[in-house]
1. Taking the Cα centre of the stretch A:4-135 as origin and charging only Cβ (+1 Lys, Arg; -1 Asp, Glu), how large is the dipole, in debye to the nearest 20?
2. What are the label-to-label distances in nm, one decimal and shortest first, from A:ARG199 to the same spot in the other copies, with labels 7 Å along Cα to Cβ?
3. Pairs of Cα atoms under 8 Å, at least six residues apart: use those to get the relative contact order of the stretch A:4-135, whole percent.
4. DSSP loop trypsin sites (Lys or Arg not before Pro) in the stretch A:222-304 with at most 11 other Cβ atoms within 10 Å of their Cβ, which ones?
5. Mind checking A:125-134 for the average number of partner chain beta-carbons within 10 Å of each residue's beta-carbon?
6. Which Cα, out of B:SER100, B:LEU65, B:ASN125, lies furthest along the positive dipole direction of the stretch B:4-135 (beta carbon charges, K/R +1, D/E -1)?
7. Compute the FRET efficiency between A:ARG300 and B:ARG49 as 1/(1 + (r/R0)^6), taking r as their Cβ-Cβ distance and R0 = 51 Å, and round to the nearest 0.05.
8. Based on the alpha-carbon gyration tensor of the stretch B:129-250 and its eigenvalue square roots a ≥ b ≥ c, which shape applies: rounded if a/c is under 1.5, prolate if not and a/b is larger than b/c, or oblate?
Number of protein chains: 2
Amino acid sequence: MPSEFELIRRYFTHRARHAVLGVGDDAALVNVRRGCELVVSTDMLLAGRHFLRDADPAQLGHKALAVNLSDLAAMGAFPRWATLALALPRADTRWLAAFSRGFMTLARRFDVDLIGGDTTRGPLNICVQIMGEVPRGTALLRSGARAGDDIWVSGVLGDAALALAALKRRIRLRPAELARCAAKLHRPQPRIALGLALRGVAHSAIDISDGLLADLEHILERSAVAAEIELVALPASSILRRYLDRVAACSALLAGGDDYELCFTASRQARERIARIGQRARIALTRIGRIHAPARGTPRLVVRAADGTALRPVRGGYDHFL
Amino acid sequence: MPSEFELIRRYFTHRARHAVLGVGDDAALVNVRRGCELVVSTDMLLAGRHFLRDADPAQLGHKALAVNLSDLAAMGAFPRWATLALALPRADTRWLAAFSRGFMTLARRFDVDLIGGDTTRGPLNICVQIMGEVPRGTALLRSGARAGDDIWVSGVLGDAALALAALKRRIRLRPAELARCAAKLHRPQPRIALGLALRGVAHSAIDISDGLLADLEHILERSAVAAEIELVALPASSILRRYLDRVAACSALLAGGDDYELCFTASRQARERIARIGQRARIALTRIGRIHAPARGTPRLVVRAADGTALRPVRGGYDHFL
């Protein structure tokens, strides 16, 4: 294996644009802008758990950074810096070249400096930490939802999980359908511009990484509120709609994860403003339900089918009764 | 396995003292002090590579944070915040309780907030990112060594590597000797106070994690200088001295790694000041050699034995010819 230092030099040394000192010392040095808070998040991705063992390394490089950027999007933050710790079974230079290409291409697109890292030999493990900036006091939090808020999501949900279900042979898609859904799974697009535009408008926000229901639950818990959403209102691709009579597709939509869209809440009065934000960011923004005050003895989160009945979770997903 | 959220809550939610927002949202929010640069470093530790598979989890929690703190010490930075990403084969709550105790005890000692993290199921992997602050322009760098500088190291070198050699049965130590050296291996003490005191005094610094020679080489490379050090000047414990006729011990001293002491350079004029810094920090500081201008055709780093001859590296370590 080439030494750690050689690997770092070859694939991960790029001129830092927003750093006093980048890769190459015991630590990196950066300046956080005056009046800004530093926003910090970390995600660890493992082969066989967060991606398939034969995953394309360039897509993996993209995704490892994208899922971290998505956390900053949910905070309404400007991405600035990242560190990357990488455990590799062997120094496969072809793999590393492709991985770093995927990672660095996305980093450049969002003007993110890779300022530090670590490489070691071991079972494939990718740990990224992302850092960004947000003007003091303006970050979008999970804890700000209020009774009466609309609940919104960006884009469409469930395609990534539908692709994964197909790759795991739980559902059959046509080749062209699988290709389109797999692109969502492998190359999620962090909603940075949307997150920035929602500051001062949304009351709360989260990115949908574990599935709409699980992530919306985090907003409800942190905000001490309850919610109802309507199944028919959920934005789904024409592909996913075609399979909605299958439990796997319905579960992908509600609980699939890997969407990396934003779920946020805002007052009724903000509807027009939000519509304009969606137009400007060129992304569909869909109202899917409403926040209300919690009531004892009723579930915190209810999903209603078209006929008004509440969905019940079934083993392995959600059955929508339609 | 208890859910990720349960694990985080149970073991890693502590009141953040220096954070606007700690664990529990998509990202953490912190304020970097005015006039300070943010200092960032990351280290990934793997079972079987950086620690033995049956390592004590409390010691591991200590060490995972300590090696990261050591990077901040080498920069002369105040530690402030950390994130922790953890892959675990299974949710062993006893293991987690001990690990978090080791980690958080050291965190509290250095007033570090754990502000974020990630837990996932997989081969044991510990990835810590550490963040600190340093007044703008005062960080200790690898790149500042100048011809004529003294080379210094803190503490004693090689005990940790000697313990590892004994645990791997490459050398036999008496039980009491092994116990003392193993404590250095398992519970390194980051030299934060020393690093802070050396700002404005040392011209360059690095922490000794890969062994004195390898780490001093980084200073020489980044500073474009050369160096000579004297074997007899190297600070070693009475235990290590007893085994100095063995290649394993001599190699541990020169190239063992896991010392987490500081190696730094400073002008001759700073000798008295450095002596006082050592007294105040209650740590031995030892001059081990001298920086000089690089000369074509001569090695960048020469280690001299007592008789003036240069050491030559041998397979598996260094032979000191004595």
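Where a number appears in this text, it was derived from the coordinates with a stated rule and is not lab data. These figures come from a predicted structure and were not determined experimentally. Because the Cβ atoms are built from the backbone with ideal geometry, glycine has one as well, and the counts that use them run over all protein chains shown.
1. Numbers: 16 positive and 14 negative charges, 73 e Å.
That gives the stretch A:4-135 a dipole magnitude of about 360 debye.
2. Taking the point 7 Å beyond Cα along Cα→Cβ, the inter-copy spacings are 2.8 nm.
3. 40
4. On the way: sites: A:ARG222, A:ARG241, A:ARG242, A:ARG246, A:ARG268, A:ARG271, A:ARG273, A:ARG276, A:ARG280, A:ARG282, A:ARG287, A:ARG290, A:ARG296, A:ARG300, A:ARG304; in loops: A:ARG246, A:ARG282, A:ARG296, A:ARG300.
Taking the stretch A:222-304 and a limit of 11 other Cβ atoms within 10 Å, the loop trypsin sites (Lys or Arg not before Pro) found are A:ARG282, A:ARG296.
5. Working: counts 9, 3, 13, 5, 11, 1, 8, 1, 1, 2.
What the average comes to for A:125-134 is 5.
6. Result: B:SER100, furthest along the dipole toward the positive end.
7. Working: r = 44 Å, r/R0 = 0.86.
Given R0 = 51 Å and the Cβ-Cβ separation, E is 0.70.
8. Values: a/c = 2.54, a/b = 1.67, b/c = 1.53.
It comes out prolate by the Cα gyration axes.
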